[in-house]
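All remarks here apply to the structure that follows.
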Amino acid sequence: MPKDGSGLSLDGLGMPLWLVVELTYKCPLQCPWCSNPVDFNKYRNELSTEQWKSVLAEGRRLGSLQLGFTGGEPMLRKDLEELVAYADKIGYYTNLITSGVGLTPERLKALKKAGLKQVQLSIQACDSELNEKLVGLDVFDHKIAIARAIKAEGLPMVLNVPVSRYNIDHTAELIDLAADLKVEYVEFANLQYYNWALLNRSELIPTREQLVRSEAAVKAAREKLGNKLTIYFVVPDYFDTRPKACMNGWGSIHLTIAPDGTALPCQEARLIKGIEFPNVKEHSLEWIWKNSPGFNKFRGDGWMKEPCRSCDEREKDFGGCRCQAFLLTGDAANTDPVCSKSPHRHLIDEIVQRASAEDRSCGKPLTMRHHRTAHEPAGE
Amino acid sequence: MKPERHLSPSDAVELAPSFHFRWEEPQKAHVLLYPEGIVKLSETAAAILETCTGNPSIAQGTCELQDRYGRSDLGASVLEFLELAHAKGWIRVKS
(Lines give C-alpha, C1' and ligand atoms only; values in the text may rest on other atoms or scores of the structure.)
Protein backbone atom coordinates (compact mmCIF):
# COMPACT_ATOMS: atom_id res chain seq x y z
CA MET A 1 0.00 0.00 0.00
CA PRO A 2 1.05 3.59 -0.38
CA LYS A 3 1.58 3.86 3.35
CA ASP A 4 0.09 6.61 5.36
CA GLY A 5 2.86 8.87 6.47
CA SER A 6 5.58 7.17 4.46
CA GLY A 7 6.22 10.34 2.52
CA LEU A 8 5.79 8.36 -0.65
CA SER A 9 4.66 10.49 -3.52
CA LEU A 10 3.95 8.69 -6.71
CA ASP A 11 2.69 10.19 -9.90
CA GLY A 12 0.24 7.69 -11.30
CA LEU A 13 -0.43 9.82 -14.38
CA GLY A 14 -4.04 9.77 -13.29
CA MET A 15 -4.20 5.97 -13.19
CA PRO A 16 -5.45 3.85 -10.30
CA LEU A 17 -2.10 2.07 -9.80
CA TRP A 18 -3.35 0.41 -6.63
CA LEU A 19 -6.47 -1.67 -6.77
CA VAL A 20 -7.70 -3.15 -3.52
CA VAL A 21 -10.51 -5.67 -3.64
CA GLU A 22 -12.27 -6.38 -0.38
CA LEU A 23 -13.71 -9.75 -1.33
CA THR A 24 -15.86 -10.07 1.77
CA TYR A 25 -16.55 -8.33 5.08
CA LYS A 26 -16.84 -11.72 6.78
CA CYS A 27 -14.02 -12.66 9.13
CA PRO A 28 -13.60 -15.28 11.86
CA LEU A 29 -11.52 -12.85 13.93
CA GLN A 30 -12.93 -10.05 16.07
CA CYS A 31 -10.15 -7.46 16.02
CA PRO A 32 -11.41 -4.36 17.85
CA TRP A 33 -9.57 -2.07 15.37
CA CYS A 34 -11.08 -3.59 12.22
CA SER A 35 -11.19 -1.14 9.32
CA ASN A 36 -14.49 -2.56 8.03
CA PRO A 37 -17.63 -0.49 8.60
CA VAL A 38 -19.16 -0.78 12.10
CA ASP A 39 -22.44 -1.66 10.37
CA PHE A 40 -20.89 -4.30 8.08
CA ASN A 41 -23.98 -6.53 8.51
CA LYS A 42 -25.74 -4.20 6.14
CA TYR A 43 -23.60 -5.17 3.14
CA ARG A 44 -24.45 -8.72 2.26
CA ASN A 45 -24.42 -8.91 -1.51
CA GLU A 46 -20.87 -9.89 -2.29
CA LEU A 47 -19.85 -9.70 -5.91
CA SER A 48 -19.76 -13.02 -7.76
CA THR A 49 -16.61 -14.56 -9.22
CA GLU A 50 -17.50 -13.28 -12.68
CA GLN A 51 -18.24 -9.79 -11.38
CA TRP A 52 -14.85 -9.66 -9.61
CA LYS A 53 -13.12 -10.81 -12.79
CA SER A 54 -14.72 -8.06 -14.76
CA VAL A 55 -13.60 -5.51 -12.13
CA LEU A 56 -10.03 -6.85 -12.40
CA ALA A 57 -10.05 -6.68 -16.20
CA GLU A 58 -11.40 -3.12 -16.19
CA GLY A 59 -8.82 -2.10 -13.57
CA ARG A 60 -5.97 -3.40 -15.73
CA ARG A 61 -7.30 -1.44 -18.70
CA LEU A 62 -7.23 1.69 -16.53
CA GLY A 63 -3.56 1.04 -15.65
CA SER A 64 -3.81 -0.76 -12.28
CA LEU A 65 -0.63 -2.65 -11.43
CA GLN A 66 -0.67 -3.63 -7.78
CA LEU A 67 -3.60 -5.67 -6.61
CA GLY A 68 -4.45 -6.38 -2.98
CA PHE A 69 -6.89 -9.17 -2.09
CA THR A 70 -8.32 -8.35 1.30
CA GLY A 71 -11.53 -8.34 3.31
CA GLY A 72 -12.73 -9.22 5.94
CA GLU A 73 -10.81 -12.41 5.54
CA PRO A 74 -10.25 -13.11 1.83
CA MET A 75 -9.50 -16.79 2.55
CA LEU A 76 -13.24 -17.22 3.19
CA ARG A 77 -13.82 -16.86 -0.55
CA LYS A 78 -13.61 -20.27 -2.15
CA ASP A 79 -12.88 -18.65 -5.50
CA LEU A 80 -9.74 -16.86 -4.27
CA GLU A 81 -7.39 -19.18 -6.18
CA GLU A 82 -9.41 -18.66 -9.35
CA LEU A 83 -9.32 -14.87 -8.92
CA VAL A 84 -5.56 -14.85 -8.23
CA ALA A 85 -4.92 -16.97 -11.33
CA TYR A 86 -7.01 -14.62 -13.45
CA ALA A 87 -5.32 -11.52 -11.99
CA ASP A 88 -1.87 -12.97 -12.60
CA LYS A 89 -2.76 -13.86 -16.16
CA ILE A 90 -3.79 -10.31 -17.00
CA GLY A 91 -0.64 -8.80 -15.50
CA TYR A 92 -1.23 -7.76 -11.89
CA TYR A 93 1.32 -8.05 -9.10
CA THR A 94 -0.90 -9.92 -6.67
CA ASN A 95 -0.77 -9.42 -2.89
CA LEU A 96 -2.80 -11.40 -0.38
CA ILE A 97 -3.65 -9.56 2.83
CA THR A 98 -4.76 -12.13 5.37
CA SER A 99 -5.01 -13.05 9.03
CA GLY A 100 -3.84 -16.52 8.03
CA VAL A 101 -7.06 -18.06 9.32
CA GLY A 102 -8.38 -20.33 6.60
CA LEU A 103 -4.99 -20.44 4.92
CA THR A 104 -3.73 -24.01 4.85
CA PRO A 105 -0.52 -25.42 3.31
CA GLU A 106 -2.70 -26.90 0.51
CA ARG A 107 -4.38 -23.62 -0.35
CA LEU A 108 -1.02 -21.86 -0.11
CA LYS A 109 0.43 -24.21 -2.72
CA ALA A 110 -2.60 -23.64 -4.94
CA LEU A 111 -2.30 -19.86 -4.55
CA LYS A 112 1.38 -19.92 -5.40
CA LYS A 113 0.64 -22.05 -8.44
CA ALA A 114 -2.03 -19.53 -9.40
CA GLY A 115 0.68 -16.85 -9.49
CA LEU A 116 0.38 -15.16 -6.09
CA LYS A 117 3.39 -12.90 -5.59
CA GLN A 118 3.27 -11.87 -1.95
CA VAL A 119 1.52 -12.47 1.36
CA GLN A 120 0.89 -9.91 4.06
CA LEU A 121 0.15 -11.80 7.25
CA SER A 122 -1.10 -10.05 10.37
CA ILE A 123 0.27 -10.84 13.80
CA GLN A 124 -0.83 -9.07 16.95
CA ALA A 125 1.47 -10.33 19.71
CA CYS A 126 4.41 -12.62 20.35
CA ASP A 127 2.48 -14.96 22.59
CA SER A 128 -0.78 -16.82 22.19
CA GLU A 129 -2.45 -15.40 25.29
CA LEU A 130 -2.22 -11.73 24.30
CA ASN A 131 -2.90 -12.60 20.67
CA GLU A 132 -6.13 -14.32 21.66
CA LYS A 133 -7.17 -11.41 23.85
CA LEU A 134 -6.68 -9.04 20.91
CA VAL A 135 -8.35 -11.03 18.14
CA GLY A 136 -10.89 -13.05 20.12
CA LEU A 137 -9.70 -16.47 18.94
CA ASP A 138 -6.82 -18.78 19.77
CA VAL A 139 -5.01 -18.61 16.42
CA PHE A 140 -1.43 -17.67 17.33
CA ASP A 141 0.10 -21.12 16.78
CA HIS A 142 -1.68 -21.40 13.44
CA LYS A 143 -0.35 -17.99 12.37
CA ILE A 144 3.23 -18.99 13.20
CA ALA A 145 2.87 -22.33 11.43
CA ILE A 146 1.41 -20.70 8.32
CA ALA A 147 4.13 -18.00 8.36
CA ARG A 148 6.72 -20.76 8.20
CA ALA A 149 4.78 -22.48 5.43
CA ILE A 150 4.69 -19.23 3.42
CA LYS A 151 8.47 -18.91 3.72
CA ALA A 152 8.90 -22.59 2.86
CA GLU A 153 7.00 -21.88 -0.39
CA GLY A 154 9.51 -19.13 -1.13
CA LEU A 155 6.92 -16.36 -1.21
CA PRO A 156 7.98 -12.90 -0.03
CA MET A 157 6.11 -11.90 3.06
CA VAL A 158 5.23 -8.82 5.06
CA LEU A 159 4.44 -9.41 8.71
CA ASN A 160 1.91 -6.74 9.62
CA VAL A 161 1.55 -5.74 13.25
CA PRO A 162 -1.42 -3.53 14.09
CA VAL A 163 0.03 -1.48 16.93
CA SER A 164 -1.92 -0.40 19.99
CA ARG A 165 -1.07 0.22 23.62
CA TYR A 166 -1.46 -3.51 24.21
CA ASN A 167 1.47 -4.62 22.07
CA ILE A 168 3.58 -1.52 21.49
CA ASP A 169 5.87 -2.37 24.41
CA HIS A 170 6.75 -5.64 22.65
CA THR A 171 8.25 -3.96 19.58
CA ALA A 172 11.72 -5.51 20.05
CA GLU A 173 10.30 -9.00 20.63
CA LEU A 174 8.06 -8.70 17.58
CA ILE A 175 11.08 -7.75 15.47
CA ASP A 176 12.93 -10.80 16.85
CA LEU A 177 9.93 -12.94 15.89
CA ALA A 178 9.95 -11.50 12.36
CA ALA A 179 13.69 -12.15 12.06
CA ASP A 180 13.22 -15.69 13.34
CA LEU A 181 10.48 -16.30 10.76
CA LYS A 182 12.90 -14.94 8.09
CA VAL A 183 10.32 -12.61 6.60
CA GLU A 184 11.56 -9.84 4.30
CA TYR A 185 9.47 -7.07 5.82
CA VAL A 186 7.83 -6.28 9.12
CA GLU A 187 5.43 -3.40 9.29
CA PHE A 188 4.43 -1.68 12.50
CA ALA A 189 1.08 -0.26 11.55
CA ASN A 190 0.22 2.08 14.37
CA LEU A 191 -3.56 2.08 14.37
CA GLN A 192 -5.42 4.74 12.50
CA TYR A 193 -8.66 5.57 14.23
CA TYR A 194 -11.61 4.86 11.96
CA ASN A 195 -14.59 2.55 12.30
CA TRP A 196 -13.94 -0.14 14.95
CA ALA A 197 -10.64 1.41 15.99
CA LEU A 198 -12.39 4.71 16.56
CA LEU A 199 -15.00 2.96 18.68
CA ASN A 200 -12.20 1.60 20.87
CA ARG A 201 -9.83 4.53 20.57
CA SER A 202 -9.52 5.39 24.24
CA GLU A 203 -8.53 1.79 24.98
CA LEU A 204 -6.16 1.33 22.06
CA ILE A 205 -4.21 4.57 21.76
CA PRO A 206 -0.69 4.33 23.21
CA THR A 207 1.00 7.03 25.24
CA ARG A 208 3.67 9.27 23.77
CA GLU A 209 6.24 7.58 26.03
CA GLN A 210 5.30 4.17 24.66
CA LEU A 211 5.66 5.48 21.14
CA VAL A 212 9.10 6.98 21.81
CA ARG A 213 10.31 3.67 23.25
CA SER A 214 8.89 1.75 20.29
CA GLU A 215 10.60 4.01 17.76
CA ALA A 216 13.89 3.61 19.64
CA ALA A 217 13.51 -0.18 19.50
CA VAL A 218 12.92 0.02 15.73
CA LYS A 219 15.99 2.21 15.26
CA ALA A 220 18.20 -0.14 17.29
CA ALA A 221 16.94 -3.16 15.36
CA ARG A 222 17.52 -1.48 12.00
CA GLU A 223 21.15 -0.88 12.97
CA LYS A 224 21.58 -4.41 14.21
CA LEU A 225 19.85 -6.25 11.38
CA GLY A 226 20.95 -4.13 8.42
CA ASN A 227 19.41 -5.36 5.19
CA LYS A 228 18.29 -8.72 6.56
CA LEU A 229 14.91 -7.31 7.49
CA THR A 230 13.17 -4.17 6.31
CA ILE A 231 11.19 -2.54 9.11
CA TYR A 232 8.39 -0.17 8.17
CA PHE A 233 7.07 2.05 10.90
CA VAL A 234 3.78 3.75 10.09
CA VAL A 235 3.67 6.91 12.15
CA PRO A 236 0.54 7.27 14.29
CA ASP A 237 -0.68 10.56 12.93
CA TYR A 238 -2.26 11.84 16.17
CA PHE A 239 1.27 12.22 17.55
CA ASP A 240 2.48 14.18 14.55
CA THR A 241 2.08 17.87 13.75
CA ARG A 242 1.40 17.42 10.04
CA PRO A 243 -1.21 15.13 8.53
CA LYS A 244 -0.37 12.03 6.52
CA ALA A 245 -0.44 12.35 2.74
CA CYS A 246 -3.48 10.11 2.86
CA MET A 247 -3.80 7.78 -0.15
CA ASN A 248 -1.38 10.07 -2.01
CA GLY A 249 -4.42 12.29 -2.49
CA TRP A 250 -8.09 11.45 -3.03
CA GLY A 251 -8.71 9.60 -6.29
CA SER A 252 -5.04 9.90 -7.19
CA ILE A 253 -3.64 6.36 -7.42
CA HIS A 254 -5.83 4.29 -5.13
CA LEU A 255 -9.08 2.47 -5.85
CA THR A 256 -10.89 0.16 -3.44
CA ILE A 257 -13.83 -2.05 -4.33
CA ALA A 258 -15.92 -3.05 -1.31
CA PRO A 259 -17.55 -6.53 -1.12
CA ASP A 260 -20.85 -5.24 -2.50
CA GLY A 261 -19.17 -3.56 -5.48
CA THR A 262 -19.11 -0.03 -4.09
CA ALA A 263 -16.05 1.80 -5.45
CA LEU A 264 -14.18 3.90 -2.91
CA PRO A 265 -11.12 6.19 -2.97
CA CYS A 266 -9.96 4.43 0.22
CA GLN A 267 -11.15 1.54 2.37
CA GLU A 268 -12.69 3.89 4.92
CA ALA A 269 -14.36 6.43 2.64
CA ARG A 270 -17.91 5.11 2.92
CA LEU A 271 -17.99 6.45 6.49
CA ILE A 272 -18.23 9.98 5.04
CA LYS A 273 -21.93 10.76 4.93
CA GLY A 274 -23.39 12.72 2.08
CA ILE A 275 -21.25 11.31 -0.72
CA GLU A 276 -22.84 8.76 -2.96
CA PHE A 277 -20.19 6.31 -4.01
CA PRO A 278 -20.71 4.53 -7.32
CA ASN A 279 -21.10 0.77 -7.65
CA VAL A 280 -19.47 -1.45 -10.27
CA LYS A 281 -22.79 -3.20 -10.77
CA GLU A 282 -24.21 0.03 -12.20
CA HIS A 283 -21.29 1.85 -13.81
CA SER A 284 -18.12 1.09 -15.72
CA LEU A 285 -14.93 1.36 -13.70
CA GLU A 286 -13.68 3.91 -16.20
CA TRP A 287 -16.64 6.23 -15.56
CA ILE A 288 -16.30 5.63 -11.83
CA TRP A 289 -12.61 6.55 -11.78
CA LYS A 290 -12.68 9.41 -14.23
CA ASN A 291 -16.12 10.95 -14.01
CA SER A 292 -18.06 9.96 -10.92
CA PRO A 293 -18.81 12.84 -8.51
CA GLY A 294 -17.59 10.72 -5.55
CA PHE A 295 -14.11 10.30 -6.98
CA ASN A 296 -13.86 13.91 -8.12
CA LYS A 297 -15.09 15.37 -4.86
CA PHE A 298 -11.65 15.99 -3.33
CA ARG A 299 -9.35 15.70 -6.31
CA GLY A 300 -6.84 18.48 -6.81
CA ASP A 301 -7.04 21.42 -4.40
CA GLY A 302 -10.10 23.35 -5.58
CA TRP A 303 -12.17 21.97 -2.67
CA MET A 304 -9.76 23.13 0.01
CA LYS A 305 -10.63 25.62 2.70
CA GLU A 306 -8.25 27.62 4.85
CA PRO A 307 -5.72 26.92 6.24
CA CYS A 308 -5.03 24.39 3.42
CA ARG A 309 -6.00 26.66 0.54
CA SER A 310 -3.08 29.06 1.03
CA CYS A 311 -0.68 26.55 2.60
CA ASP A 312 2.57 25.86 0.79
CA GLU A 313 2.48 22.24 1.98
CA ARG A 314 -0.86 21.44 0.34
CA GLU A 315 0.79 19.55 -2.52
CA LYS A 316 2.78 17.50 -0.05
CA ASP A 317 0.02 16.20 2.22
CA PHE A 318 -3.14 17.10 0.23
CA GLY A 319 -4.72 18.45 3.42
CA GLY A 320 -4.45 15.03 5.12
CA CYS A 321 -7.28 12.59 5.46
CA ARG A 322 -10.85 13.41 4.41
CA CYS A 323 -12.31 10.66 6.58
CA GLN A 324 -10.53 11.95 9.66
CA ALA A 325 -11.65 15.51 8.93
CA PHE A 326 -15.23 14.25 8.65
CA LEU A 327 -15.12 12.09 11.78
CA LEU A 328 -13.55 14.66 14.05
CA THR A 329 -14.81 17.99 12.68
CA GLY A 330 -18.03 16.98 10.90
CA ASP A 331 -16.89 18.34 7.52
CA ALA A 332 -14.77 16.22 5.17
CA ALA A 333 -13.50 19.38 3.42
CA ASN A 334 -11.88 20.74 6.57
CA THR A 335 -8.15 20.47 7.15
CA ASP A 336 -7.26 17.18 8.80
CA PRO A 337 -7.33 18.13 12.51
CA VAL A 338 -3.95 16.43 12.99
CA CYS A 339 -2.36 19.46 11.33
CA SER A 340 -1.09 21.97 13.88
CA LYS A 341 -2.40 24.71 11.58
CA SER A 342 -5.95 23.34 11.88
CA PRO A 343 -8.32 25.28 14.14
CA HIS A 344 -9.47 21.84 15.37
CA ARG A 345 -6.03 20.60 16.47
CA HIS A 346 -7.08 20.91 20.12
CA LEU A 347 -9.37 17.89 19.55
CA ILE A 348 -6.33 15.72 18.81
CA ASP A 349 -4.30 17.18 21.69
CA GLU A 350 -7.12 16.37 24.09
CA ILE A 351 -7.29 12.76 22.88
CA VAL A 352 -3.52 12.30 23.21
CA GLN A 353 -3.54 13.92 26.63
CA ARG A 354 -6.39 11.74 27.86
CA ALA A 355 -4.49 8.67 26.65
CA SER A 356 -1.59 9.46 28.98
CA ALA A 357 -3.75 10.56 31.88
CA GLU A 358 -6.12 7.62 31.93
CA ASP A 359 -5.81 5.02 34.62
CA ARG A 360 -5.29 2.03 32.39
CA SER A 361 -6.34 -0.56 34.90
CA CYS A 362 -9.86 0.92 34.99
CA GLY A 363 -10.41 1.11 31.27
CA LYS A 364 -13.62 -0.05 29.67
CA PRO A 365 -13.51 -3.40 27.89
CA LEU A 366 -12.71 -3.52 24.19
CA THR A 367 -15.70 -3.78 21.87
CA MET A 368 -14.75 -6.74 19.71
CA ARG A 369 -15.74 -6.78 16.06
CA HIS A 370 -18.64 -9.20 15.82
CA HIS A 371 -21.98 -9.36 14.08
CA ARG A 372 -23.61 -9.10 17.52
CA THR A 373 -21.73 -5.89 18.37
CA ALA A 374 -22.10 -4.42 14.88
CA HIS A 375 -24.21 -1.31 14.63
CA GLU A 376 -27.71 -1.63 13.27
CA PRO A 377 -27.89 -0.62 9.65
CA ALA A 378 -28.87 3.02 9.76
CA GLY A 379 -30.31 5.10 6.96
CA GLU A 380 -27.66 7.07 5.14
CA MET B 1 18.81 -0.56 4.12
CA LYS B 2 22.56 -0.57 4.01
CA PRO B 3 24.23 -2.94 1.56
CA GLU B 4 26.78 -5.30 3.02
CA ARG B 5 29.53 -3.95 0.77
CA HIS B 6 30.18 -1.77 -2.26
CA LEU B 7 29.77 -3.18 -5.75
CA SER B 8 32.71 -3.76 -8.01
CA PRO B 9 32.72 -3.95 -11.85
CA SER B 10 33.58 -7.64 -11.69
CA ASP B 11 30.42 -8.46 -9.70
CA ALA B 12 27.51 -10.21 -11.32
CA VAL B 13 24.20 -8.76 -10.18
CA GLU B 14 20.65 -10.01 -10.41
CA LEU B 15 17.23 -8.69 -9.54
CA ALA B 16 16.26 -9.46 -5.92
CA PRO B 17 13.85 -12.43 -5.84
CA SER B 18 10.67 -10.56 -4.94
CA PHE B 19 11.18 -7.89 -7.62
CA HIS B 20 9.61 -8.01 -11.05
CA PHE B 21 10.89 -5.83 -13.86
CA ARG B 22 8.75 -5.23 -16.91
CA TRP B 23 7.47 -2.84 -19.53
CA GLU B 24 4.13 -1.33 -18.61
CA GLU B 25 2.32 -0.03 -21.66
CA PRO B 26 -0.14 2.38 -19.94
CA GLN B 27 2.79 4.07 -18.17
CA LYS B 28 4.99 3.92 -21.30
CA ALA B 29 7.82 2.98 -18.96
CA HIS B 30 9.59 0.08 -17.32
CA VAL B 31 8.44 -0.54 -13.78
CA LEU B 32 9.71 -2.52 -10.83
CA LEU B 33 7.00 -4.29 -8.90
CA TYR B 34 7.63 -5.71 -5.46
CA PRO B 35 5.58 -6.49 -2.35
CA GLU B 36 3.23 -3.55 -1.98
CA GLY B 37 5.41 -1.27 -4.05
CA ILE B 38 5.91 0.19 -7.51
CA VAL B 39 8.89 2.05 -8.92
CA LYS B 40 8.60 3.67 -12.30
CA LEU B 41 12.01 3.72 -13.94
CA SER B 42 13.51 6.33 -16.23
CA GLU B 43 14.69 5.05 -19.62
CA THR B 44 18.33 5.21 -18.45
CA ALA B 45 17.65 3.41 -15.18
CA ALA B 46 15.74 0.68 -16.97
CA ALA B 47 18.51 0.24 -19.56
CA ILE B 48 21.20 -0.10 -16.87
CA LEU B 49 19.13 -2.49 -14.78
CA GLU B 50 18.14 -4.69 -17.69
CA THR B 51 21.59 -4.81 -19.27
CA CYS B 52 23.65 -5.29 -16.12
CA THR B 53 21.43 -8.01 -14.64
CA GLY B 54 21.51 -9.74 -18.03
CA ASN B 55 25.31 -9.93 -18.29
CA PRO B 56 27.93 -12.07 -16.52
CA SER B 57 29.41 -8.94 -14.86
CA ILE B 58 28.70 -5.25 -14.34
CA ALA B 59 31.76 -4.51 -16.48
CA GLN B 60 30.37 -6.50 -19.41
CA GLY B 61 26.98 -4.85 -18.99
CA THR B 62 28.70 -1.47 -19.07
CA CYS B 63 30.52 -2.38 -22.31
CA GLU B 64 27.21 -3.33 -23.92
CA LEU B 65 25.66 -0.02 -22.85
CA GLN B 66 28.67 1.93 -24.13
CA ASP B 67 28.43 0.17 -27.49
CA ARG B 68 24.72 0.85 -27.66
CA TYR B 69 25.00 4.56 -26.88
CA GLY B 70 28.38 5.16 -28.61
CA ARG B 71 30.07 6.26 -25.40
CA SER B 72 33.21 5.23 -23.58
CA ASP B 73 32.76 6.92 -20.21
CA LEU B 74 29.70 5.28 -18.65
CA GLY B 75 31.47 3.13 -16.02
CA ALA B 76 31.16 5.54 -13.11
CA SER B 77 27.54 6.51 -13.65
CA VAL B 78 26.45 2.89 -14.22
CA LEU B 79 28.12 1.87 -10.98
CA GLU B 80 26.63 4.84 -9.15
CA PHE B 81 23.11 3.88 -10.21
CA LEU B 82 23.63 0.22 -9.37
CA GLU B 83 24.90 1.17 -5.90
CA LEU B 84 21.65 3.04 -5.39
CA ALA B 85 19.60 0.07 -6.63
CA HIS B 86 21.63 -2.22 -4.37
CA ALA B 87 21.08 0.04 -1.36
CA LYS B 88 17.35 0.00 -2.07
CA GLY B 89 17.37 -3.79 -2.20
CA TRP B 90 16.31 -4.01 -5.87
CA ILE B 91 19.36 -6.06 -6.88
CA ARG B 92 21.79 -8.41 -5.19
CA VAL B 93 25.22 -9.78 -5.94
CA LYS B 94 25.03 -13.25 -7.47
CA SER B 95 26.73 -15.77 -5.28
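The values are calculated or read from the model by the stated rules, or taken from the named source; none is laboratory data. Here the structure is a predicted model, which is why all the values come from computation and not from measurement. Counting neighbours? That spans all protein chains shown, and the Cβs are built from the backbone with ideal geometry, glycine included. The accessibility values were calculated without ligands, DNA or RNA, using every heavy atom of the protein model including side chains. Shrake-Rupley method; radii C 1.70, N 1.55, O 1.52, S 1.80 Å.
Which ones in region A:322-332 are within 22 Å of residue A:296 (Cβ to Cβ) and assigned to a helix (DSSP H, G or I)? If the condition is that a residue be within 22 Å of residue A:296 (Cβ to Cβ) and assigned to a helix (DSSP H, G or I), then A:322, A:323, A:324, A:325, A:326, A:327, A:329 are the ones that fit. Every test in (1) free of Cβ contacts under 8 Å to residues at least 40 places away in the same chain; (2) out of contact with any Leu (no Cβ under 9 Å at 6 or more places or on another chain); (3) facing another protein chain (nearest Cβ under 10 Å) is passed by residue B:60 save one, and that test is (3). Within region A:252-273, residues that are more than 20 Å from residue A:325 (Cα to Cα) and free of Cβ contacts under 8 Å to residues at least 40 places away in the same chain sit with their Cβ atoms under 8 Å from residues that are buried (at least 23 other Cβ atoms within 10 Å of the Cβ) and of a type in the set (S, T, N, Q), at 6+ positions apart or across chains, in these pairs: A:263/A:256. Close contacts from region A:79-107, counting a first residue that is among the aromatic types (Phe, Trp, Tyr) and a second that is surrounded by 18 or more Cβ atoms within 10 Å (Cβ to Cβ) and part of a strand (DSSP E or B), with Cβ to Cβ under 7 Å and a gap of 6+ residues or different chains, come to A:92/A:67; A:93/A:66; A:93/A:67; A:93/B:33.
Please enumerate the residues belonging to region A:171-219 that are among the aliphatic types (A, V, I, L, M) and open to solvent by 40 Å² or more (accessible area, probe 1.4 Å). Explain how you work it out, then say what you get.
Here is the first cut: in region A:171-219, the residues among the aliphatic types (A, V, I, L, M) are A:172, A:174-175, A:177-179, A:181, A:183, A:186, A:189, A:191, A:197-199, A:204-205, A:211-212, A:216-218.
Across region A:171-219, the qualifying residues are A:172, A:179, A:198, A:199, A:212, A:216.
Take region B:60-80 and flag every residue that is within 15 Å of residue B:8 (Cβ to Cβ) and surrounded by 18 or more Cβ atoms within 10 Å (Cβ to Cβ). If you could, list the steps in order and put the result at the bottom.
Here is the first cut: in region B:60-80, the residues within 15 Å of residue B:8 (Cβ to Cβ) are B:60-62, B:75-76, B:78-80.
Of everything in region B:60-80, those that are within 15 Å of residue B:8 (Cβ to Cβ) and surrounded by 18 or more Cβ atoms within 10 Å (Cβ to Cβ) turn out to be B:61, B:62, B:78, B:79.
Taking the residues in region B:35-52 that are open to solvent by 40 Å² or more (accessible area, probe 1.4 Å) and in a helix (DSSP H, G or I) as candidates, determine which candidate is nearest to the other protein chains (Cβ to nearest Cβ). Write out each step before concluding.
Let us first name the residues in region B:35-52 that are open to solvent by 40 Å² or more (accessible area, probe 1.4 Å), namely B:40, B:42-44, B:50.
Restricting the remaining residues to those that are in a helix (DSSP H, G or I) gives B:43-44, B:50.
Values: B:43: 16, B:44: 18, B:50: 18 Å.
Looking at the filtered set, the residue picked out is B:43.
Checking the structure you have, find out if any residue of region A:71-84 is farther than 29 Å from residue A:203 by Cα, at pLDDT below 95 and either surrounded by fewer than 18 Cβ atoms within 10 Å (Cβ to Cβ) or in contact with a helix residue (DSSP H, G or I) (Cβ under 8 Å, 6 or more places away or on another chain) (or both). No, region A:71-84 contains no residue that is farther than 29 Å from residue A:203 by Cα, at pLDDT below 95 and either surrounded by fewer than 18 Cβ atoms within 10 Å (Cβ to Cβ) or in contact with a helix residue (DSSP H, G or I) (Cβ under 8 Å, 6 or more places away or on another chain) (or both).
Scanning region A:9-53 for residues that are open to solvent by 10 Å² or more (accessible area, probe 1.4 Å) and within 14 Å of chain B (Cβ to nearest Cβ), which turns out nearest to residue A:245 (Cα to Cα)? Going through the qualifying residues, I end up with A:9.
Yes or no, residue by residue, for (1) in a loop (DSSP other than H, G, I, E, B); (2) farther than 16 Å from residue A:198 by Cβ; (3) of a type outside the set (Phe, Trp, Tyr):
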| residue | (1), (2), (3) |
| --- | --- |
| A:277 | yes, yes, no |
| A:289 | no, yes, no |
| A:334 | yes, yes, yes |
| A:367 | yes, no, yes |
| A:371 | yes, yes, yes |
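Is one or more of the residues making up region A:22-33 free of Cβ contacts under 8 Å to residues at least 12 places away in the same chain and either hydroxyl-bearing (Ser, Thr, Tyr) or more than 27 Å from residue B:16 (Cβ to Cβ) (or both)? Before you say what the answer is, go through the steps one by one.
Residues of region A:22-33 free of Cβ contacts under 8 Å to residues at least 12 places away in the same chain: none.
So far as region A:22-33 goes, no, none of its residues is free of Cβ contacts under 8 Å to residues at least 12 places away in the same chain and either hydroxyl-bearing (Ser, Thr, Tyr) or more than 27 Å from residue B:16 (Cβ to Cβ) (or both).
The residues on offer are A:100, A:91, and the sole one that is open to solvent by less than 20 Å² (accessible area, probe 1.4 Å), of a type in the set (Gly, Ala, Ser) and within 14 Å of another protein chain (Cβ to nearest Cβ) is A:91. Residues in region A:140-162 that are crowded, with 16+ Cβ neighbours inside 10 Å and away from every other protein chain (no Cβ under 14 Å): A:140, A:142, A:143, A:144, A:146, A:147, A:149, A:161, A:162.
The number of residues in region B:10-34 being over 24 Å from residue A:64 (Cβ atoms) and either within 8 Å of another protein chain (Cβ to nearest Cβ) or open to solvent by less than 30 Å² (accessible area, probe 1.4 Å) (or both) comes to 3.
Being hydroxyl-bearing (Ser, Thr, Tyr) and at pLDDT 95 or above is the filter here; which residues of region A:41-70 pass it?
Within region A:41-70, A:48, A:49, A:54, A:64, A:70 meet the criteria.
Taking each residue of region B:28-52 that is among the basic types (Lys, Arg) and looking for partners that are part of a helix (DSSP H, G or I) and modelled with pLDDT under 95 with beta-carbon atoms closer than 8 Å, six or more apart or interchain, yields B:40/B:27.
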